[in-house]
Each structure stands twice: as C-alpha cells, then as structure tokens.
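Participant: Input: one structure, supplied below.
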Amino acid sequence: MTDLDIPRLAALAEAATPGPWEMDDAEIFAANGRCIGSTALWDDAPNADQSIADAAYIAAADPTTILALI
C-alpha cells in the first residue's frame, strides 16, 4: 500500500465542485447541476463498459465523500 497524501487529497476536494455528485446514463453532475464529466464520448469505444464503470466510481468519490473519509 502506498502512503496517502491526506493534505493534498483534502486540498483537491475542497477546491472541487462540492458534492454529492450523481451519474445518469451519460453524465456526472454535481449537486449544483454543473456537469462534471460525460460518458457520451466513450459509448462507442472498445472499452466503453470500463469507462462507464470508471465514471460511476468518480461520481461516488465526490469531494463531500472524500472529506468525510479523511
């Protein structure tokens, strides 16, 4: 296991758009309605399923969650 840079994670989380973040079929949205990312570009890619799984993980690891964990 690698060392965690907790101060860096906290700074990144505090600078990011506040959570919670949610994912619909094509986009990740912050609580304020801001689009954080889109899976639309990945839908035809050979690894689309993995890209969508990655996007779902990113949405779940929103700043509010990271700050609560650390």
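The values are calculated or read from the model by the stated rules, or taken from the named source; none is laboratory data. If you're wondering where the values come from, they're calculated on a predicted model, not measured in any experiment. Heads up, the Cβs are rebuilt from the backbone with ideal geometry, glycines too, and the neighbour counts pull from every protein chain shown. Heavy atoms of the whole protein, side chains included, go into the accessibility calculation; ligands, DNA and RNA do not. Shrake-Rupley method; radii C 1.70, N 1.55, O 1.52, S 1.80 Å.
Participant: Between GLU27 and GLN50, what is the label-point separation in nm under the 7 Å Cα-to-beta-carbon projection?
Facilitator: Between GLN50 and GLU27, the label points sit 2.7 nm apart.
Participant: Now a separate question. Heavy atoms only, probe 1.4 Å: what % of the accessible area of the chain goes to carbon and sulfur, would you let me know?
Facilitator: C and S fraction of accessible area: 58 percent.
Participant: With P(r) over Cα pairs in 5 Å bins from 0, in percent in mind, check (1) 3, 16, 21, 17, 14, 11, 9, 6, 3, 0; (2) 3, 18, 29, 25, 15, 7, 2; (3) 3, 18, 23, 19, 17, 12, 7, 0 and report the label derived from this structure.
Facilitator: Derived directly from the coordinates: (3).
Participant: Per-residue ellipticity at 222 nm for the chain, helices alone: DSSP H runs ≥ 4 residues times -39500 (n - 2.57), over residue total, nearest 500 deg cm²/dmol?
Facilitator: Helices in the chain give a 222 nm mean residue ellipticity of -12500 deg cm²/dmol.
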